[in-house]
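Structure first, commentary second.
The values are calculated or read from the model by the stated rules, or taken from the named source; none is laboratory data. Computed from a prediction, not measured in an experiment: that's the story for all the values here. Here the Cβ positions follow ideal geometry from the backbone for every residue, glycine too, while neighbour counts run over all protein chains shown.
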Amino acid sequence: MEIIKNFNLKDKKPDIRYLKEMKKVVYDQEWFENASPDIELYYMYRGIKEDDNLRYDITIIPAKKLGKEFVKTKGHYHMGNFGEIYIVLKGKAIYLLQKRGEDNLTISDVYYIEAKKNEIAVIPPQYGHITINPSERDELIMANWVSKDCKSDYLPIEEARGACYFFTQDGWVKNKNYKVVPELYSQRPRKTLPADLNFLNG
């Protein structure tokens, strides 16, 4: 498995995430009510390459603000025991990872990884995750390796109205809809891909 840096997206059609699909997870609901629902937030190019039942995707997240909050992905857990690998190809990313406790509103662990170009974030199995572009001017381009059998579950984060922390212009804000949220801490990104990739296959 490799990090693919030379790719041509001109002939590929992305899946587009629109603001209207993010209603339940946006922090600044007052801003949301007055914003156009058809704002394009990010672009997902799936299946750029396949290797041993793994899929290589590209996601482009332009610099935007969702009111007080920096633009982010919708956020999901994986159904099953699948992990994932993200690689920053351009810009900077913040990956927020959270692990459920006894129910969807109880979090047993939460941390973030701040990664820049050529750095890698590993998503362990059982961790829900969102990606944030913390820049007001630079787009984020990232790649990911994930199993072709992996399915995403968006409902738990939607029902909690977002991940357990929001990243805003004033810093991290705890989501009050959760019952239990530990203190947030950071982990460093990796410089190289993990040697053992079995966690990607569930």
Exercise. Starting from residues that are closer than 14 Å to Gly162 by Cβ and of a type in the set (A, V, I, L, M, F, W, C), keep the ones in region 98-117 and report whichever is farthest from the chain's Cα centre (by Cα).
Key: Leu105
Quiz prompt | Residue identified as touching a Leu at 6+ places or on another chain (Cβ under 8 Å) and of a type in the set (Gly, Ala, Ser) among Ala121, Ala163 | solution = Ala163
Quiz prompt | Failed criterion for Ile130 (all others in (1) surrounded by 14 or more Cβ atoms within 10 Å (Cβ to Cβ); (2) modelled with pLDDT under 95; (3) out of contact with any Asp or Glu (no Cβ under 8 Å at 6 or more places or on another chain) hold) | solution = (2)
Exercise. Identify, from the list Asp170, Asp153, Asp149, the residue that is in contact (Cβ under 8 Å) with a residue 24 or more places away in the chain, under 17 Å from His76 (Cβ atoms) and out of contact with any strand residue (DSSP E or B) (no Cβ under 8 Å at 6 or more places or on another chain).
Key: Asp149
Quiz prompt | Qualifying positions in region 91-137 - in a loop (DSSP other than H, G, I, E, B) and more than 25 Å from Lys68 (Cα to Cα) | solution = Gly101, Glu102, Asp103, Asn104, Lys117, Asn118, Glu119, Pro124, Pro125, Gln126
Quiz prompt | Wholly within region 138-202, strands (runs of 3 or more DSSP E) carrying at least 1 residues that are in contact with a helix residue (DSSP H, G or I) (Cβ under 7 Å, 6 or more places away or on another chain) | solution = 140-147
Quiz item: Limited to region 80-90, what total is found for residues that are outside any loop (DSSP other than H, G, I, E, B) and touching a Gly at 6+ places or on another chain (Cβ under 9 Å)?
Solution: 0
Quiz item: Residues Glu40, Glu50: which one is more than 26 Å from Gly171 (Cβ to Cβ), loosely packed, with under 14 Cβ neighbours inside 10 Å and at pLDDT below 95?
Solution: Glu50
Self-check item: Selection within region 148-186 - within 13 Å of Val110 (Cα to Cα) and exposed (fewer than 12 other Cβ atoms within 10 Å of the Cβ)
Solution: Glu183, Tyr185, Ser186
Practice problem: Provide a single number: the residues in region 116-175 that are touching a Lys or Arg at 6+ places or on another chain (Cβ under 8 Å) and at positive phi. | Solution: 4
Quiz item: Do you know which of the residues in region 101-113 that are closer than 25 Å to Asn133 by Cβ and not β-branched (Val, Ile, Thr) is surrounded by the most Cβ atoms within 10 Å (Cβ to Cβ)?
Solution: Tyr112
Quiz item: Looking only at region 123-147, which residues are polar (S, T, N, Q) and farther than 22 Å from Met22 by Cα?
Solution: Gln126, Ser147
Exercise. Hey, could you check region 53-99 for residues that are among the hydroxyl-bearing types (Ser, Thr, Tyr) and modelled with pLDDT of 95 or more and say which is nearest to Leu140 (Cα to Cα)?
Key: Thr59
